[in-house]
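Remarks on the structure that follows.
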Amino acid sequence: MNYDFESKISRKNTGSAKWELMYKCYDKVCDDIVPLSVADMEFHTPPCIVEGLKNFLDDGILGYTMAYDSYLEIVKNWFKEQHDYNIEKEWIVQSPGVVDGFIAGLKAVCKEGEGVIIFKPIYPPMIAAIENNNFKEVNVPLLNHNERYEIDFDTLEKVAKDPNNKALLFCSPHNPVGRVWSKEELERVGKICLENDIKIICDEIWMDLIRPGNEHHIFASLSKELQNIIITCTAPSKSFNIAGLKNSNIIIANEELREALRDELIKMHLNSINVLGYKACEYAYTEGLPWLKELLQVIDENFKLCEEVFSKLNLPYSKAEGTYVFWVDFRPLGMDEETLHKFLYEKAGIFTNPGKNFGPEGEGYERFNVALPTKILKEHLDRLVSEIEKL
Ligand SMILES: Cc1ncc(COP(=O)(O)O)c(C=O)c1O
C-alpha cells in the first residue's frame, strides 16, 4: 500500500458528527472505541487533497466562488473516464450537499401532497425530505430474499400508475443494504417510470465505491429517454472523505428540469458553495484515483471480515456490493431495541446506526460503517463476538 489506511486517528473533541453522536448515546466510552455509524471515514483525507488545499490557502484568496470552466471540465472527465458517461459542462449544477440537491429535485418535480416513491429500508434523510416538504411517501419496500434485497417490480408498477405519484427518489448504490443495481434492474425501473411519467431523482453519491466483481451504471447513461427524466445527484465526498467541505455536483441533461431545480436552490439560497469544496473536488478527480483504488481494497477486506464474523455468529447480513456500509440482522439475538442498544453500547462498545432509522423494515438491524483500519474493525468485532458468546 502506498497510502496509510492503518493508523488510528482520534477525532474526539474535534466536532466530528459521528464521534459526538457516540458520546450522546453513552458518555462513558473508553478511549479505544471508534464509532461505526455516520458515513465518513476513519482515514485521513487523501494527501493530494490536503496538500492541494494547503497550497491553495497559501494564496490567501477565499472570496465567493462559482463553478469555473476548468472545474466543470474536470467533473465532466471524471464521469467519462470512471463511469463511461458523456456529460456536458452546462448540465452540472452545484449544491452544497447531495441531500440539498435531492430536496431541490423533489421540489422541482412535485407539488405538496403529490407522491414520491421510495424503497425502504433507505437512507433516513430521504424519508425526512418527503415528510418535511409535505409530499406523500409511497413506500415500495425492498423484497428481502434471505438478505438479498431486490426491487418489488410488481408493486412499483402498480403505484407508478397512480397519477398522483410524480417522482421516484432512488438510491444507487443502495444505502443501507449495499446493493449495486444491475443494468437489467435499472432498465426495468426506468421503463416503468418512463411509461408512467415519473421523474427519477437518483442519488448516486456512492457511485465510486463499488466492490470488486460488481459494476455500477449511472442510471441516466442508459438511454437518452432516461437521461431526459433523471436528476443525478453526485459528490466526491463519500469517495474521498471530504463530506465536511460540502460540494456536490447535480447532473441534469433536461434543460427544463435543470432550471426548475436551479430555481429551487436559489429560493433556498443554496446555489453557492464553499471555495474549498471546489478545490478539493478538483484535486480528488485529477489526482485522487490511486488513493481511491487502495481504499477499495481496504473496504473489500473489511467487508470480508464482517462476512466471516457474522456468518460464524449466525446473524444474517446483506452481502454488500458497494458503499462502505454493512447491514446486519440482530433479531436472532431476541433482544428488544432498547436491550440491544444497551448491550451494544455498554457491553460491546459498538456504536452503529440503528436499522429502524431506515424505516420499519430495518427494525432489529444495525448498519456498520466499515471505513476504518482493518485492525481496529477486527478489535471491535472481536469484542462483539466475545460479548455475544457470553449471552
Ligand atoms: C445515499 C446518501 N445520500 C446522501 C448522503 C449525504 O450527502 P450530503 O452530505 O452531500 O448531503 C449520504 C451520506 O451518508 C448518503 O448515504
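The values are calculated or read from the model by the stated rules, or taken from the named source; none is laboratory data. Since the structure is predicted, the reported quantities are computational estimates derived from the model, not experimental observations. Cβ: placed from backbone, ideal geometry, glycine included. Neighbour counts: every protein chain shown.
Could you name every one of the helices (runs of 4 or more DSSP H) located completely within the range 129-235 that has at least 1 residues being in contact with a Phe, Trp or Tyr (Cβ under 7 Å, 6 or more places away or on another chain)? Working first, answer last.
Numbers: elements: 153-160, 183-195, 224-227.
Here the list reads 183-195, 224-227.
Can you tell me which residue in the range 186-209 is farthest from residue 82 (Cα to Cα), limited to those that are surrounded by 24 or more Cβ atoms within 10 Å (Cβ to Cβ) and β-branched (Val, Ile, Thr)?
Looking at residues that are surrounded by 24 or more Cβ atoms within 10 Å (Cβ to Cβ) and β-branched (Val, Ile, Thr), I get 198.
Output yes when any residue across the range 291-301 is more than 16 Å from the ligand (Cβ to nearest atom), surrounded by 16 or more Cβ atoms within 10 Å (Cβ to Cβ) and more than 21 Å from the chain's Cα centre (by Cα), and no when none is.
The answer is no, given that none of the residues of the range 291-301 is more than 16 Å from the ligand (Cβ to nearest atom), surrounded by 16 or more Cβ atoms within 10 Å (Cβ to Cβ) and more than 21 Å from the chain's Cα centre (by Cα).
So in the range 31-52, with the set limited to residues that are more than 16 Å from the ligand (Cβ to nearest atom) and surrounded by fewer than 18 Cβ atoms within 10 Å (Cβ to Cβ), which one is farthest from residue 206 (Cα to Cα)?
31
Which residue out of 137, 147, 112, 90 is charged (D, E, K, R), at pLDDT below 95 and either within 16 Å of the ligand (Cβ to nearest atom) or more than 18 Å from the chain's Cα centre (by Cα) (or both)?
One residue alone meets the criteria, 147.
Filter the range 8-30 down to residues that are of a type outside the set (A, V, I, L, M, F, W, C), surrounded by 11 or more Cβ atoms within 10 Å (Cβ to Cβ) and in a loop (DSSP other than H, G, I, E, B), then give me how many there are.
Adding up the residues that qualify gives 6.
Return the pairs, sorted by first residue and then second, in which the second residue is of a type in the set (S, T, N, Q), the first residue lies in the range 346-360 and is under 17 Å from residue 326 (Cβ atoms), the beta carbons are less than 6 Å apart, and the residues are 6+ apart or on different chains.
Every condition considered, the pairs that remain are 351/37; 352/37; 353/37.
Can you tell me how many residues within the range 31-57 are among the charged types (D, E, K, R) and assigned to a loop (DSSP other than H, G, I, E, B)?
4
Whether any residue in the range 301-308 is out of contact with any strand residue (DSSP E or B) (no Cβ under 8 Å at 6 or more places or on another chain) and either hydroxyl-bearing (Ser, Thr, Tyr) or in a strand (DSSP E or B) (or both) is what I want to check.
So far as the range 301-308 goes, no, none of its residues is out of contact with any strand residue (DSSP E or B) (no Cβ under 8 Å at 6 or more places or on another chain) and either hydroxyl-bearing (Ser, Thr, Tyr) or in a strand (DSSP E or B) (or both).
Can you name the number of the only condition in (1) surrounded by 15 or more Cβ atoms within 10 Å (Cβ to Cβ); (2) more than 20 Å from the chain's Cα centre (by Cα); (3) not in a loop (DSSP other than H, G, I, E, B) that residue 77 fails?
Answer for residue 77: the failing condition is (1).
Please tell me if residue 183 is out of contact with any helix residue (DSSP H, G or I) (no Cβ under 9 Å at 6 or more places or on another chain), more than 16 Å from the ligand (Cβ to nearest atom) and closer than 30 Å to residue 364 by Cβ. I'd like the intermediate steps shown before the answer.
Numbers: out of contact with any helix residue (DSSP H, G or I) (no Cβ under 9 Å at 6 or more places or on another chain): yes; more than 16 Å from the ligand (Cβ to nearest atom): yes; closer than 30 Å to residue 364 by Cβ: no.
Criteria not met by residue 183.
Only one of 129, 160 is aliphatic (A, V, I, L, M), in contact with a strand residue (DSSP E or B) (Cβ under 9 Å, 6 or more places away or on another chain), free of Cβ contacts under 8 Å to residues at least 60 places away in the same chain and within 12 Å of the ligand (Cβ to nearest atom); which?
Being aliphatic (A, V, I, L, M), in contact with a strand residue (DSSP E or B) (Cβ under 9 Å, 6 or more places away or on another chain), free of Cβ contacts under 8 Å to residues at least 60 places away in the same chain and within 12 Å of the ligand (Cβ to nearest atom) holds for just one of 129, 160, which is 129.
Provide a single number: the residues in the range 175-185 that are of a type outside the set (Gly, Ala, Ser), without any contact (Cβ under 8 Å) to a residue 60 or more places away in the chain and either under 28 Å from residue 306 (Cα atoms) or surrounded by 23 or more Cβ atoms within 10 Å (Cβ to Cβ) (or both). Working first, answer last.
Our first condition is that a residue be of a type outside the set (Gly, Ala, Ser); within the range 175-185, this holds for 175-177, 179-181, 183-185.
Then keep just the ones that are without any contact (Cβ under 8 Å) to a residue 60 or more places away in the chain; that gives 181, 183-185.
Okay, now just the ones that are also either under 28 Å from residue 306 (Cα atoms) or surrounded by 23 or more Cβ atoms within 10 Å (Cβ to Cβ) (or both), so 181, 183, 185.
Adding up the residues that qualify gives 3.
Quick check on this structure: which one of 264, 282, 259 is at pLDDT 95 or above, assigned to a helix (DSSP H, G or I), acidic (Asp, Glu) and in contact with a Phe, Trp or Tyr (Cβ under 8 Å, 6 or more places away or on another chain)?
Being at pLDDT 95 or above, assigned to a helix (DSSP H, G or I), acidic (Asp, Glu) and in contact with a Phe, Trp or Tyr (Cβ under 8 Å, 6 or more places away or on another chain) holds for just one of 264, 282, 259, which is 282.
Here's a check for you: in the range 223-248, which residue that is more than 10 Å from the ligand (Cβ to nearest atom) and among the polar types (S, T, N, Q) is farthest from residue 322 (Cα to Cα)?
Among residues in the range 223-248 that are more than 10 Å from the ligand (Cβ to nearest atom) and among the polar types (S, T, N, Q), the one farthest from residue 322 (Cα to Cα) is 228.
Checking the structure you have, find out if any residue of the range 157-167 is modelled with pLDDT of 95 or more and under 19 Å from the mean Cα position of the chain (by Cα).
No, there is no match, as no residue in the range 157-167 is modelled with pLDDT of 95 or more and under 19 Å from the mean Cα position of the chain (by Cα).
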